[in-house]
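Take a look at the structure set out below.
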Amino acid sequence: MRTLDASMIVPKVKALCMSANYYLGEDVLKALNEGLEKEESPAGKAVLEQLIENARIAREEKVAMCQDTGFAVFFIELGQDLHIEGDLYEAINEGVRQGYEEGLLRKSIVSHPLNRVNTKDNTPAVIHVEFVPGDKLKIIFAPKGGGSENMSTMAMLKPSDGKEGVVNFVVEAVKKAGPNPCPPIIVGVGIGGTFEKAPYLAKKALLRHLGERSSIPENAELEEEIESKVADLGIGPMGFGGRVTALAVQVESHPCHIASLPVAVNIQCHAARHKEVIL
Amino acid sequence: MNGAKRLTTPLKDSDLDNLKVGEKVFLSGIIYTGRDAAHKRLVELLDAGKELPFNVEGQVIYYVGPAPAKPGKPIGSAGPTTSYRMDAYAPRLIEVGLKGMIGKGSRSQEVVESMKKHKAVYFAAVGGAAALIAKSIKSKELVAYEDLGPEAIFKLEVEDFPVIVANDIKGDDLYKQGMEAYRRV
């Protein structure tokens with residue numbers, strides 16, 4: 001059994017908060033550049049050019065690429081043979097506190113949905129922990145902006161709705177979101193599991209490297225079909241009209257009950273940020 | 001942005017008469033920031049017949065909650081937030097003379113009608129282009145509601161702030177027309 005002191009986690013989380021918000025992933029940048037090649041609408045092209053230029057400024061000046069530096073969401077993979085000495089959750093929250101303060105990132109969390117009082121340090125984070133074999137700790141940080149999160153949705157479809165039902169529900173969600181979630185978007189889809197499992201899968205789907213298809217044939221097929229239908233919507237960059245509405249559709253699935261077909265759509269704006277570290 | 005118009009705030013009716021959806025504009029002058037929480041308070045003041053913390057006549061409100069500034073800089077990253085959340089409040093401000101709004105995403109029919117009736121326009125900025133937009137903001141001064149943190153009202157001095165006309169005074173809508181032009185279903 002390996003032991004890791006929780007205090008070791010704080011500086012790593014702090015660094016993740018800053019780097020994820022300053023440096024847009026190479027995969028997203030590549031997808032934006034490919035989108036620029038493909039886009040037919042002049043307004044759409046102008047938007048993509050601004051976004052590529054914006055990513056450069058953020059990277060070079062080490063400033064937040066978007067002022068909405070997000071809800072601090074973490075996916076933790078905790079090795080079963082690792083013992084954490086101290087409070088893992090508190091260590092992560094302390095890292096967020098320090099990272100958002102020092103990194104000049106916006107504090108966007110209110111302490112209660114109805115009192116709307118800002119906690120002023122962007123905590124508490126949302127922390128998902130999964131156990132994995134081994135003795136390592138993997139921390140994935142994925143800050144999530146409010147604008148695209150607000151356009152996310154889920155439904156409990158009937159098994160008879162099948163593939164067509166899933167495709168229609170996802171395409172309709174993207175259409176309804178229109179310009180609001182800052183297209184070009186990435187569409188995370190979770191199918192199966194239970195009522196709470198499907199949205200979790202949809203969010204996890206957003207962590208995949210852009211351009212990688214699901215290894216499950218049913219999911220890969222869904223991804224291709226939804227991508228093609230979304231392109232036909234004409235929403236385009238920022239909703240000004242155009243071809244490049246989604247950079248990718250990414251599907252994750254889980255076995256489900258004989259009576260159910262849960263489907264969840266988590267929409268991610270073009271500032272698709274996630275960074276990880278292994279301790 | 002090639003072929004962009006240049007406008008300076010405060011805006012007059014004559015500035016808006018010839019603006020058309022899809023037109024690129026560089027805005028200069030003073031604009032005010034405001035999001036959900038600040039709008040709620042402004043409308044509560046109007047409801048109570050009280051004076052607003054700034055005179056909205058001819059002014060432009062930018063829907064933004066900026067990131068903190070680096071030392072020596074006026075503002076941190078400052079891109080637009082989604083505008084529909086301000087739809088419930090916008091017509092009240094337009095009635096008392098607000099001439100422009102900057103945000104992202106489409107507006108409700110009620111806001112579009114109000115812009116048409118009282119001559120006001122809605123400009124879209126590029127959501128997420130926050131580091132780039134910050135470069136056109138030259139100064140920032142607190143006006144009201146400091147307790148709201150990033151949601152407080154600030155007075156910004158801007159120079160060539162890049163926007164595109166999303167709703168004009170004729171009731172046209174860039175989002176509807178743009179999507180219509182490229183839709184294949």
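The values are calculated or read from the model by the stated rules, or taken from the named source; none is laboratory data. These figures come from a predicted structure and were not determined experimentally. Reconstructed Cβ throughout: ideal geometry from the backbone, glycine too, with neighbour counts over all protein chains shown. With ligands, DNA and RNA removed, areas are computed over all heavy atoms of the protein, side chains included. Shrake-Rupley method; radii C 1.70, N 1.55, O 1.52, S 1.80 Å.
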Worksheet item: When segment A:68-97 is examined, which residues are found to be touching a Ser or Thr at 6+ places or on another chain (Cβ under 8 Å) and either among the acidic types (Asp, Glu) or assigned by TED's automatic domain parsing to the domain that holds A:PRO183 (or both)?
Response: A:ASP68, A:GLU85
Worksheet item: Taking segment A:242-265 as the search range and keeping residues that are assigned to a strand (DSSP E or B), open to solvent by less than 10 Å² (accessible area, probe 1.4 Å) and not small (Gly, Ala, Ser), which one is farthest from A:ASN33 (Cα to Cα)?
Response: A:PRO262
Item to complete: Determine, yes or no, whether A:GLY190 is touching a residue at least 40 places away in the same chain (Cβ under 8 Å), open to solvent by less than 20 Å² (accessible area, probe 1.4 Å) and within 14 Å of chain B (Cβ to nearest Cβ).
Response: no
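Can you name every one of the helices (runs of 4 or more DSSP H) wholly within segment A:39-158 that holds 2 or more residues which are open to solvent by 40 Å² or more (accessible area, probe 1.4 Å) and among the charged types (D, E, K, R)? Spell out the reasoning first.
On the way: elements: A:42-61, A:88-102, A:146-149.
In segment A:39-158, A:42-61, A:88-102 are the helices (runs of 4 or more DSSP H) which contain 2 or more residues that are open to solvent by 40 Å² or more (accessible area, probe 1.4 Å) and among the charged types (D, E, K, R).
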Item to complete: Please specify each residue of segment B:37-65 satisfying the condition of being in contact with a Phe, Trp or Tyr (Cβ under 8 Å, 6 or more places away or on another chain) and within 14 Å of chain A (Cβ to nearest Cβ).
Response: B:ALA37, B:ALA38, B:HIS39, B:LYS40, B:ARG41, B:TYR62
Worksheet entry | Which listed residue, of A:ALA177, A:ALA142, A:ALA155, A:ALA198, is among the hydrophobic types (A, V, I, L, M, F, W, C), more than 30 Å from B:SER108 (Cα to Cα) and more than 13 Å from the chain's Cα centre (by Cα) | A:ALA198
Practice prompt. Answer yes or no as to whether B:VAL163 is assigned to a strand (DSSP E or B), surrounded by 24 or more Cβ atoms within 10 Å (Cβ to Cβ) and within 12 Å of chain A (Cβ to nearest Cβ).
Written response: yes
Discussion item. Given (1) surrounded by fewer than 23 Cβ atoms within 10 Å (Cβ to Cβ); (2) of a type in the set (A, V, I, L, M); (3) touching a helix residue (DSSP H, G or I) at 6+ places or on another chain (Cβ under 8 Å), identify the lone condition not met by A:VAL174.
Written reply: (1)
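From the list B:VAL64, B:VAL111, which one is assigned to a loop (DSSP other than H, G, I, E, B), aliphatic (A, V, I, L, M) and buried (at least 20 other Cβ atoms within 10 Å of the Cβ)? Spell out the reasoning first.
On the way: B:VAL111 fails: assigned to a loop (DSSP other than H, G, I, E, B).
Going through B:VAL64, B:VAL111 in turn, just one is assigned to a loop (DSSP other than H, G, I, E, B), aliphatic (A, V, I, L, M) and buried (at least 20 other Cβ atoms within 10 Å of the Cβ): B:VAL64.
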Worksheet item: If you check A:LEU104 against the conditions, is it closer than 26 Å to B:ALA131 by Cα and out of contact with any Leu (no Cβ under 9 Å at 6 or more places or on another chain)?
Response: yes
Practice prompt. Answer yes or no: is there a residue in segment A:168-175 that is under 27 Å from A:VAL126 (Cα atoms) and among the basic types (Lys, Arg).
Written response: no
Fill in: Hey, A:LEU207 touching a helix residue (DSSP H, G or I) at 6+ places or on another chain (Cβ under 7 Å) and away from every other protein chain (no Cβ under 14 Å) or not
no
